[in-house]
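The values are calculated or read from the model by the stated rules, or taken from the named source; none is laboratory data. This one's a predicted model, so the numbers in the text were calculated from it and none came from an experiment. In this analysis, Cβ positions are derived from the backbone assuming ideal geometry, glycine residues included, and neighbour counts consider all displayed protein chains.
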Amino acid sequence: MRNSIKSYFWIIFLIGLLTVLLNVPVPQKVAAQQPTGSVPTVTSTPTGNTIKVTYPDQINVRSGPSSYLYTAIGVLLSGETAPALGRSPGGDWIQIHYDGVPGQVGWVYAPLVSLSANANLEIVEPPPTPTPATTPTIDPTTMYKFITKVPSTRLPTFTPPGPLAIPTYESARAQTGGVPLGLIIVLLGLIGGFGALISFLRGR
C-alpha cells in the first residue's frame, strides 16, 4: 500500500514539474535592428571650368606663365584634373587652383592640357617675376685685371718695285749673216741623212 502511495506521489510530482517547465516562456532571439531608409550616395560632379592633363607624362606647375621667368612649384600627373581660373594674356598658359602653394594658384602650359567643354576663362595678369636674392655687381678694379692691352704695331711699309726690264732678242737672220734659219736647218738635215745613208751602205 505504501509503495502505491509513493508511486502516485512521484507521478504527481513529475506531472507538476513537467507542467511548470512547459509553461516557462522560451526567450526568443532578438535580431539586430536594421536602419530603415536609403543611404545617400555622393555623385557630385566638378563645377566650373576644369583642365585635364593630356600629356603622357607629368607636367610642371609653375608660379607664373613662363618656363624661364618662374620656378616650378609642383606637378600634375597624366589624366589629373584641376579647376581652371583664367588665362594668360597670350593664351599660352592657364591659371589653376593648386593646393599647398602661396595663394593656392599655379600655372600650366596650355598645349599640355585640355579644357572642359564650353570653358570661358578670363584674362589674368601674370604675377611679378621673382627678384634674385643677390644682384650681380662688377668690381672695376677686378675687371681691369682681365682687360688685356694689345700693343700697337706699325704697318709694313710698301716699297714700289723698280722698272721692269724687258730683254731684247736679236733676230736669227741678223746672227747668221742674213741666211734664213730654216734653210740652215734643212741643210743640216740633208747632211745628216746623207751620212746615215753612207754608213748603211758600208755596213752591207
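For the reader, a short list of remarks on this structure follows.
- Unique match (being at pLDDT below 95, closer than 12 Å to Tyr109 by Cα and crowded, with 16+ Cβ neighbours inside 10 Å) among Ser67, Ser63: Ser63
- Considering residues of the stretch 48-90 that are in a strand (DSSP E or B) and of a type in the set (D, E, K, R) only, the residue nearest to Ser114 (Cα to Cα): Lys52
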